[in-house]
1. Which of the helices (runs of 4 or more DSSP H) contained wholly in segment 156-212 include at least 2 residues that are at negative phi, of a type outside the set (Val, Ile, Thr) and modelled with pLDDT of 95 or more?
2. Whether any residue in segment 143-151 is assigned to a helix (DSSP H, G or I), touching a residue at least 40 places away in the same chain (Cβ under 8 Å) and not aromatic (Phe, Trp, Tyr) is what I want to check.
3. Of all residues being out of contact with any Gly (no Cβ under 9 Å at 6 or more places or on another chain) and β-branched (Val, Ile, Thr) in segment 156-193, which is farthest from Ala233 (Cα to Cα)? Just the residue, please.
4. Return yes when Ala221 is in a helix (DSSP H, G or I), surrounded by fewer than 16 Cβ atoms within 10 Å (Cβ to Cβ), small (Gly, Ala, Ser) and modelled with pLDDT under 95 and no when it is not.
5. Return the residues of segment 180-190 that are touching a residue at least 12 places away in the same chain (Cβ under 8 Å), open to solvent by 40 Å² or more (accessible area, probe 1.4 Å) and more than 20 Å from the chain's Cα centre (by Cα); say none if nothing qualifies.
6. In segment 223-255, which residues are within 16 Å of the chain's Cα centre (by Cα), closer than 23 Å to Ser201 by Cβ and in contact (Cβ under 8 Å) with a residue 40 or more places away in the chain?
7. Quick check: anything in segment 126-141 surrounded by fewer than 22 Cβ atoms within 10 Å (Cβ to Cβ), among the hydrophobic types (A, V, I, L, M, F, W, C), out of contact with any Leu (no Cβ under 6 Å at 6 or more places or on another chain) and closer than 20 Å to Leu260 by Cα?
8. I need a count of the residues in segment 191-213 that are surrounded by 17 or more Cβ atoms within 10 Å (Cβ to Cβ) and within 24 Å of the chain's Cα centre (by Cα).
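The values are calculated or read from the model by the stated rules, or taken from the named source; none is laboratory data. Keep in mind it's a predicted model, so treat the numbers as computed, not measured. Positions of Cβ are generated from backbone atoms using ideal geometry, with glycine treated the same way; all protein chains shown enter the neighbour counts. Note: areas computed on protein heavy atoms with side chains; ligands, DNA, RNA excluded. Shrake-Rupley method; radii C 1.70, N 1.55, O 1.52, S 1.80 Å.
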Amino acid sequence: GLNVTELVLFAAPPPSLAALAAGVVDFVYSPSIPILNAYANSGMALKVVAPADGYQKSVLQQAKKDPALAKKLDDTGVCISPTSGIKSFKDLSGKTVSVPARGAQGEVTIAQAVKNAGGDPSTINFVTLPFPSVVDAVKNGTTSAGFTVEPFTSACTGAGMINLGSPGIAFFDDESAIGMWVTTADYAAKNPATILAFQKSIFQVNKFASTKAGWDKVLQASLPLTEVDLATARASSPSYFPSTIVARDMKAPSEKMLTLGYLKVPLDIRGLLMKQYRPKR
C-alpha cells in the first residue's frame with residue numbers, strides 16, 4: 001500500500017543522511033557506522049526502522065579464522081596493486097587510501113583492520129573517491145589502496161588488481177544487521193502506519209532476496225546503478241539479509257568506534273532503534 005514516488009541515489013551515506021534530515025527523502029539506506037556517527041556526532045534525531053543486509057553470525061565467526069571464507073562472505077574489500085608492496089593491513093600505515101566518505105564504514109573498518117594487524121590507522125591519508133573510480137586510481141598510483149563493495153570488489157580483481165582483505169570481517173564480531181533503513185524521529189512519530197508498512201515491505205524484500213532466484217533478480221536490477229556487467233555481478237558472493245535488527249547490532253559498533261576515536265563519549269542507543277516488525281505466526 002505504499003506509494004513510492006521517487007528513488008534518489010547518493011554517492012555515500014553522509015550526504016544521504018543529510019538529505020534525510022533536511023526532509024528531501026523519507027527513508028535512507030545506510031550502514032550502521034554512518035548512522036551512529038550522524039546520531040552521536042552530528043546530533044541527528046534518527047530512528048532505525050528495518051534491516052537491509054549483514055552477516056550470518058555463525059559464518060562470520062568462521063570467516064574470522066579463514067581468510068578465503070572472509071573474502072567470499074564480505075562484500076567489502078580493499079583494492080591494491082600487485083606491485084604496491086602492500087602485504088597486509090599493517091602496510092596501509094602512512095599510505096593514501098580512498099573511501100566513499102570520511103568517517104563512514106570504509107574508513108572505520110579499515111582503521112580497525114590496520115589496528116588489529118599492528119599498524120597505526122592515524123597515519124593513513126584517507127581521501128574520498130566514488131566506487132567506480134577506485135580501480136583506476138589504484139592502477140595509476142593516485143592512491144595506494146581503495147575501499148570497495150560488491151560488485152566493485154570483484155571488479156578490482158577482474159582488472160588484475162588484488163583484494164587485500166575483508167575489513168568488515170575485521171570490525172564486526174557477532175553483529176547480524178550491518179546495512180539498515182533509517183528515518184527521522186519526527187517522521188516516525190508522525191507516520192506510524194507508513195513505518196509499519198515500510199517494515200513489512202522490507203521484510204518481504206529480504207525474504208525474496210535470500211532465495212537464489214531472488215538474488216539473481218536483485219543483481220540484474222542493480223546493473224544500471226553499479227555499471228558492471230552481469231557476469232561480474234554474478235561472480236560476487238550473495239549478500240545476507242537479516243529479518244530484524246537487535247540492540248547488539250548498534251551497540252557493539254558504537255563501542256568499537258569509541259575505542260578508535262570516531263565517537264567521543266559512550267553512546268546510549270536505546271532511543272535510536274525502533275521496535276522491529278515480526279510477522280504473526
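1. On the way: elements: 167-171, 185-190, 192-209.
Ranges flagged: 185-190, 192-209.
2. Just the residues of segment 143-151 that are assigned to a helix (DSSP H, G or I), to begin with: none.
Among the residues of segment 143-151, not one is assigned to a helix (DSSP H, G or I), touching a residue at least 40 places away in the same chain (Cβ under 8 Å) and not aromatic (Phe, Trp, Tyr), which makes the answer no.
3. Here the answer is Thr183.
4. Here the answer is yes, as Ala221 does meet what is asked.
5. Within segment 180-190, the subset touching a residue at least 12 places away in the same chain (Cβ under 8 Å) is 180-188.
Of the ones still in play, those that are also open to solvent by 40 Å² or more (accessible area, probe 1.4 Å) are 181, 186-187.
If the condition is that a residue be touching a residue at least 12 places away in the same chain (Cβ under 8 Å), open to solvent by 40 Å² or more (accessible area, probe 1.4 Å) and more than 20 Å from the chain's Cα centre (by Cα), then Asp186, Tyr187 are the ones that fit.
6. Matches in segment 223-255: Thr226, Ser239, Tyr240, Phe241, Pro242, Ile245, Asp249, Met250.
7. yes
8. Residues of segment 191-213 surrounded by 17 or more Cβ atoms within 10 Å (Cβ to Cβ): 194-195, 198-199, 202-203, 206, 209.
Keeping just the survivors that are within 24 Å of the chain's Cα centre (by Cα) gives 195, 198-199, 202-203, 206, 209.
Summing the residues that are surrounded by 17 or more Cβ atoms within 10 Å (Cβ to Cβ) and within 24 Å of the chain's Cα centre (by Cα) in segment 191-213 gives 7.
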